[in-house]
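A quick write-up on the structure given underneath.
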Amino acid sequence: MSPATLIVGASQAGVQLAVSLREAGETGPVMLVGAEPHPPYQRPPLSKAFLLGGTDTAKLAFRTPAFYAERSIELITGERVERLALRPGTAEGSATTSTGRTLAFDQVALTTGARVRRLAVPGADLAGVHHLRDMADAVLLRAALDAARRVVVVGGGFIGLEAAAVARTLGKDVVIVEASDRLVGRSVAPTVSDFYRSAHERRGTAVLLGSAVARVLGDAGRVSAVGLTDGTELPADLVLVGIGVVPRTELAEAIGLHCDGGVVVDRHARTGNAGIVAAGDCTAMPHPTTGVGLVRLESVANAVSQAKTAAATLAGIPPPAPEVPWFWSDQYDLKLQIAGLSTGHDESVVRGDLDAERFSVLYYRNGAVVAVDAVNSPVDYLVVRKALGTGAAIPPDLARDTGRPLKELLVPAGPNRGTHTLDL
Ligand SMILES: Cc1cc2nc3c(=O)[nH]c(=O)nc-3n(C[C@H](O)[C@H](O)[C@H](O)COP(=O)(O)OP(=O)(O)OC[C@H]3O[C@@H](n4cnc5c(N)ncnc54)[C@H](O)[C@@H]3O)c2cc1C
């Protein structure tokens, strides 16, 4: 008999996993269980078009109910899986949900994502202090933004910056408070961090770096200001806390799976138990290019590609070829596109014009290109993404010749060296 599969978490990774299982020919029951009340939906617009008011909740759904029904994917929403019980030495067992339902399964996939990290300071639970992870958060934040005049964004990561851009576009006074010495420091090089700081400042937002929040001050239970450790008080009627997320690993831990900054999986999305896979924001996996150390990638691209791999593993078919990691962020009219992982780079080349807000930064390790951050430069992004996928080189001394388009500077992999123009 075909195995029954339980997928815990119905979002980007869970939906992809269910769909890919069917595409792989799995005919057994597939139960996709999500704690949120809505059908699965896209999160990226929550800090972009949706927050700006350009789209409504119904438009965010990945698929119609008919899509799941046609594929015999049993979509269960509004129910949290609270407990997994496994038959010893197997991946079979049963799950208990928050409504008391029991779901029997032969194999299980964890796609539980992440929850927001909360500010641990006095006043952090005052009315007017918001977070942004799911649709419910975004609906509340959007309504609160309408009424707000002074917004403090705590945290200069992508979500904080995107929300800050929306708030400023809506005409609010905005201050970004970041504890480290640069914006989006975990993801981009200092050149790009500096660029984003200037870009936000040019548009009228104050950016405070190296600034830690000591307390949130209130008046009649509502936020009135944010107090910094240096004594500064920033008046605010809305505070958005965007200080990162924590992977949801509690179910995995309870059944004894190895977790280390995420549910630890291998290249095949397998946990320590061969019949249990995990994918998306909840996982920590070997570095996709070096294989050294564990990384947790919070991106749509990773959730999708890891879910495809996890589905292939469960279905017992070869996994798809690994994909080059990629990511995007939209702030104002600035589209950032990232391909590859720049961590550990030892050299970088900047092409284009930062003042014109159109440039790319290529990152190198031991002379080999490993990543690109491209701002309003989609062609550079595509060239590097393709090079990373095909193993072509873009030698740094050639890349410095900014008079020539990047796509003319590729040196294909293999014996047929010599520069080559990429067909995009
Ligand atoms: C505001 C915002 C903007 C973003 N913008 C971008 C972007 O521009 N580009 C990009 O690449 N990425 C972006 N991301 C990141 C991207 O959305 C995530 O990487 C992606 O959603 C991860 O998918 P996931 O399925 O792994 O986890 P999640 O989307 O976190 O989903 C996990 C789901 O599992 C459910 N769940 C957890 N535990 C249980 C349980 N025990 N029982 C049942 N259900 C459970 C949760 O309720 C949740 O619905 C953004 C994220 C946010 C929040």
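Values quoted throughout were computed directly from the atomic coordinates according to the rules given, and no laboratory measurement underlies them. A quick note: this is a predicted structure, and the numbers were derived from the prediction, not measured. Note that each Cβ is placed from the backbone with ideal geometry, even for glycine, and that neighbours are counted across all protein chains shown.
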### Message
Charges on Cβ only, +1 for Lys and Arg, -1 for Asp and Glu, centred on the Cα centroid of the stretch 251-325; of Leu257, Thr283, Gly316, which one is farthest towards the dipole's positive end?
### Response
Gly316
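To make sure I understand, if each residue's beta carbon is the centre and we count other beta carbons within 10 Å, what order do Met285, Met1 fall in, fewest to most?
On the way: Met285 23, Met1 6.
Ordered from fewest to most neighbouring Cβ atoms within 10 Å, Met285, Met1 come out as Met1, Met285.
With Cβ to Cβ distances under 12 Å as the rule, what net charge do the other residues near Ala312 carry (K, R +1; D, E -1)?
Numbers: positive: Arg267, Arg270, Lys308; negative: Glu23, Glu26.
Taking every Cβ under 12 Å from that of Ala312, the sum is +1.
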### Task
Find the centroid of the Cα atoms in the stretch 53-89 and in the stretch 289-366, then give the distance between the two in whole Å.
27 Å
### Task
Report the trypsin sites (Lys or Arg not before Pro) located in the stretch 151-248 that are in a DSSP loop and have at most 12 other Cβ atoms inside 10 Å of their Cβ, or state none.
Arg186
### Task
Could you line up Ile394, Ile159, Ile243 from fewest to most neighbouring Cβ atoms inside 10 Å?
Ile243, Ile394, Ile159
### Query
Tell me, Ser11, Ser224, Ser198, Ser187 in order of fewest to most beta-carbon neighbours within 10 Å?
Ser198, Ser224, Ser187, Ser11
### Summary
In deg cm²/dmol, rounded to the nearest 500, the helical mean residue ellipticity at 222 nm of the chain, built from -39500 (n - 2.57) for every DSSP H run of length 4 or more, is -6500 deg cm²/dmol
### Task
Treat each spin label as a single point 7 Å out from the Cα along the C-beta direction, and report the Ala136 to Thr64 distance in nm.
2.9 nm
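Tally Lys/Arg at +1 and Asp/Glu at -1 over every other residue whose Cβ is under 12 Å from the Cβ of Glu26; what's the total? Numbers along the way, then the final one.
Values: positive: Arg22, Arg71; negative: Glu23, Asp106.
Local net charge: 0.
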### Query
Length gain on complete extension for the stretch Arg267 to Asp181, per 0.36 nm per residue less the alpha carbon to alpha carbon distance?
27.6 nm
### Message
For a quick check of your reading of the filter: which trypsin sites (Lys or Arg not before Pro) in the stretch 256-303 sit in a DSSP loop and have no more than 14 other Cβ atoms within 10 Å?
### Response
Arg267
#### Entry: Only Lys, Arg (+1) and Asp, Glu (-1) charged, at Cβ; the chain dipole about Cα centre in debye
260 debye
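If you take every DSSP beta bridge fully contained in the chain, what fraction is antiparallel? Give it as a percent rounded to 5.
60 percent
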### Message
Between Thr390 and Thr77, what is the label-point separation in nm under the 7 Å Cα-to-beta-carbon projection?
### Response
4.2 nm
### Message
For the chain, set up a GNM with springs between Cα atoms under 10 Å and report which of Val139, Val184, Val121 has the largest fluctuation.
### Response
Val121
### Task
Mind giving me the nanometre distance, one decimal, between the label points for Leu294 and Thr102, set 7 Å out from Cα along Cα→Cβ?
3.3 nm
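Relative contact order of the stretch 333-389: what whole-number percent is it, with Cα pairs under 8 angstrom and at least 6 residues apart? Show your work: numbers first, answer last.
Details: 114 pairs, mean separation 21.1, N = 57.
Computed over the stretch 333-389, the figure is 37 percent.
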### Message
Let me spell out the model: positive unit charges on the Cβ of Lys and Arg, negative unit charges on the Cβ of Asp and Glu, origin at the Cα centre of the stretch 118-243. What dipole size does that give, in debye rounded to 20?
### Response
200 debye
## Note on the structure
With the charge dipole of the chain built from beta-carbon charges (+1 for Lys and Arg, -1 for Asp and Glu) about the Cα centre, the Cα from Gly227, Tyr381, Val174 projecting farthest to the positive end belongs to Tyr381
